[in-house]
Structure formats: C-alpha cells, structure tokens
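Taking it in order: structure first as structure tokens, then the write-up.
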C-alpha cells in the first residue's frame, strides 16, 4: 500500500507538471502518512538533513558551477571552432562537429543540460545557417548531449557513487569508454544518414587553420585532461577536482578577458538554484529510501523478480525495459535517487556488479531526456532552437537506434564498463 501511494502519487504529480522537488516531497509525506509512521512525521526532516550532510555530495555544486562558468567564459565557442576545423568537412560535417564538441565539453560540465543549453545555442544557429533542417539540428544537439554525463566528470555518477557506496574515481573510469562509444556511434549514424540525405558540406580546414583554432582554444581543450588526470593520479579528490575545475574556469575567463562580474554572478546564482533543487530532491529521496527499507520493499521486489526468472540475462533485459519506462517520465537525478536504494539488493542477488549497473542505469535514464513526455532535453531544444516540441521529438526517433544499440552492448558486455577501472584501480 505504502509503495503504491509513493510511486503512483509521484508519477501523477510529474504528469501534472508539478516541479520535481515538490512532487517527490509530497509523495514522501503521503507515503509516510499512509504507513505505520503516520504519527512520526518528524522522521522526514531528520532523514532529509542526514541525507544531504555527506562530504561526497560537496562535489555536486562545484561541477555544476564549473559547467556554468565554462559557458560564461565562452569556452563553448572555442570548442566548437576547433571541432569544426577537425571534422567540419566530413559528410554531415556540422552534425559530426556537434557530437565531437559534446564529447570534448563533457570532460568539464558533467551535465547534459549544460551541454544542450550551452553548446546548443551555438550549434543549432550554425547548422541552420548552413542549411540544415532546424528539427534535425535540434535532434543531433540533444542526442549528443547524452555523452555529457557519461564521460567524466559526471554529476550523475557522483550521485550514484554516493547511493551505491562505490568510489567516485571507479565510476568516472567506468563511464569513460561508454561515453566515447556513444559519441562514436552517433557519428557513425550521422555518416549513414549522409548517404541518404544531401547534407550541406563545408571546405576542409587547412593545417594552419586547425593549428590556429587549437592554439586559440588550447587552455579550454586541456581542461578535461587536467580535471580527470588530477583525480586519477591521486592529486585531488573528486570534490577537490570540482573546486579545481571552478578555479580553472575563472582563470580561463581572466586569460580570455571574457569573464565579467555580471556573467560570474549569473553563473553563481544559477549554480545555487540548481544545487538547492538537487539537494532537496536528494534529502527527500533519502527519507523515501529509509521508508522503503523499513517496509522491506526491495526484498519483496527481489522475491517477485526471482519468481519470474532466476536468469541474470533475462533479469537485465527486464531491468532495461523498466529503466527506459521510468526515464520517459522521471528526470535522471530523482529517478536514480528513487530506484537505486530499491534495486541495489536485487542486483546484488542476481550477481550484477554495482559499477556495471551504475552505467546501465546512467545511460538508460539519459536516453529518457530525448523521449517524450518528460524528456527535459526536448524542452530545452524548444527554447534554444525555437523548434516545435513534436518536430524535435520525431526527429530524435532515428537517433534512438545508435543510443539503444550501445546501451544493449554495455548491458550484456560488462567488460566495456569494467575494463578500464579494473585496469587502473584493480578489481574490487
């Protein structure tokens, strides 16, 4: 009864467009009110405060701030110009530039929203000017933003590491290969589409032009290597890497003379607002996880699944369908916070590695940002690209082929995710 009230109430409020932070809070209060703890509602604020009072979560606001600062100082323009010089002359050139830019920017922002909103403005404008259909430009932009939260650093992987009690470093390494695979698959799909459609082309950049763009954006281009390398070599922790990313972004703004007090203040206020919402969601989700554990919902779910199948591969297939459906109506962070406490005992029972499952969950929920009705990436494209929602949604459908193909491969071939962390950090 309690679990039904929790999940049905949450989904209904989401469909009614209630803000995520309020929807999950109201669902938790309603679930408590219908449980044996109906007279002990003081437990909710206790769990909320305990849930967010964790050192590992300090990395979240710093990576959000880094992404906002990188957009503010004009790093996106330099990344786009360099990517255009490298691959702009290919068939479907600017579509390839779009994906490559997202892969480079992913090494700094850690959020699909920052990628779609920051790079999207530049990419869609450039593609429209070169003759690409607006809906196609918007579709490539939002689908390529899926790479952002996979290639480290990643806000989503930090939150999953916190929930699953895994090291952030291991999760970052596990996301690197999958992120590159998603990017390459999108580029290959663009090349396939170029055979069927007459996409505009542009002249090949000379070596001097490539060198010029590389030198102009050198400080921006090496940012991902500095941030990730400092973590992997043990120079800084994940939280300290977030601080380093912020300081580096400010340094870039000073070097490029593009950081003003106004843009800095906007990046700061946007970061505070986004962090506040995320922390509210995390706090309520911790309270929800506590209630689910007390009610033994994870154990009941595990028993129900084992009654259907004890085959690990069948379980993973069922789990993929479940994650995809959830991702269509719930955003990544709240979905993760809702599902992970409930599913961890189940995946442990089936012998699924927690790091591997984190990548499955991350990519599955990311695909949700390009699928209606709640795909946040689609709504961002409506604002950034000025393209009707239904046209963007339809244009995104073909790109689900490479995204789902890579997701299936990552799910059933654990080595794609686990090889790099096991190589560098050793098996756990």
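The values are calculated or read from the model by the stated rules, or taken from the named source; none is laboratory data. Quick caveat, the model's predicted, so the values are computed rather than measured. With ideal geometry, Cβ positions are generated from the backbone for all residues, glycine too; neighbour counts draw on all protein chains shown.
Against the test of being surrounded by fewer than 17 Cβ atoms within 10 Å (Cβ to Cβ), under 20 Å from residue 411 (Cα atoms) and under 21 Å from the mean Cα position of the chain (by Cα), the options 173, 184 yield a single qualifying residue, 184. When we screen 193, 184, 150 for residues that are in a loop (DSSP other than H, G, I, E, B) and closer than 22 Å to residue 397 by Cβ, the only hit is 150. Just one of the listed residues (346, 333, 329, 370) is more than 27 Å from residue 184 (Cα to Cα), surrounded by 19 or more Cβ atoms within 10 Å (Cβ to Cβ) and either within 17 Å of the chain's Cα centre (by Cα) or modelled with pLDDT of 80 or more (or both), and it is 346. Of all the numbered requirements in (1) at pLDDT 75 or above; (2) assigned to a helix (DSSP H, G or I), residue 305 misses one, and that requirement is (1). Restricted to the stretch 212-230, and to residues there that are modelled with pLDDT under 75, part of a helix (DSSP H, G or I) and in contact with a helix residue (DSSP H, G or I) (Cβ under 7 Å, 6 or more places away or on another chain), the residue that is farthest from residue 59 (Cα to Cα) is 213. At least 3 residues being under 16 Å from residue 134 (Cα atoms) and at pLDDT 85 or above is the threshold, and among the helices (runs of 4 or more DSSP H) wholly inside the stretch 383-428 those reaching it are 389-396.
Is it fair to say residue 364 is assigned to a helix (DSSP H, G or I) and at pLDDT 75 or above? So residue 364 passes the test. What about residue 144, is it surrounded by 22 or more Cβ atoms within 10 Å (Cβ to Cβ), on the phi < 0 side of the Ramachandran plot and in contact (Cβ under 8 Å) with a residue 24 or more places away in the chain? Yes: the conditions hold for residue 144. Are any of the residues in the stretch 68-78 crowded, with 24+ Cβ neighbours inside 10 Å, over 21 Å from the mean Cα position of the chain (by Cα), without any contact (Cβ under 8 Å) to a residue 24 or more places away in the chain and within 26 Å of residue 175 (Cβ to Cβ)? No; the residues of the stretch 68-78 include none that is crowded, with 24+ Cβ neighbours inside 10 Å, over 21 Å from the mean Cα position of the chain (by Cα), without any contact (Cβ under 8 Å) to a residue 24 or more places away in the chain and within 26 Å of residue 175 (Cβ to Cβ).
With respect to the stated conditions, residue 189 fails to be closer than 17 Å to residue 101 by Cβ and loosely packed, with under 15 Cβ neighbours inside 10 Å. The residue pairs whose first member lies in the stretch 93-109 and is at positive phi and surrounded by fewer than 24 Cβ atoms within 10 Å (Cβ to Cβ), whose second member is modelled with pLDDT under 80 and outside any helix (DSSP H, G or I), and whose beta carbons are closer than 7 Å, counting only pairs six or more residues apart or on different chains, do not exist in this structure. Restricting attention to the stretch 124-133, which residues are part of a helix (DSSP H, G or I) and more than 18 Å from residue 376 (Cα to Cα)? Once the filter is applied, which keeps residues that are part of a helix (DSSP H, G or I) and more than 18 Å from residue 376 (Cα to Cα), the stretch 124-133 yields 125, 126, 127, 128, 129. Only one of the listed residues (50, 40) is surrounded by fewer than 19 Cβ atoms within 10 Å (Cβ to Cβ), modelled with pLDDT under 75 and in a loop (DSSP other than H, G, I, E, B). That residue is 40. Of the listed requirements (1) in contact with a helix residue (DSSP H, G or I) (Cβ under 7 Å, 6 or more places away or on another chain); (2) modelled with pLDDT under 80; (3) not in a helix (DSSP H, G or I), residue 259 misses just one: (2). Looking only at the stretch 53-90, which residues are in contact with a helix residue (DSSP H, G or I) (Cβ under 7 Å, 6 or more places away or on another chain) and not in a helix (DSSP H, G or I)? Matches in the stretch 53-90: 54, 73, 74, 88, 90.
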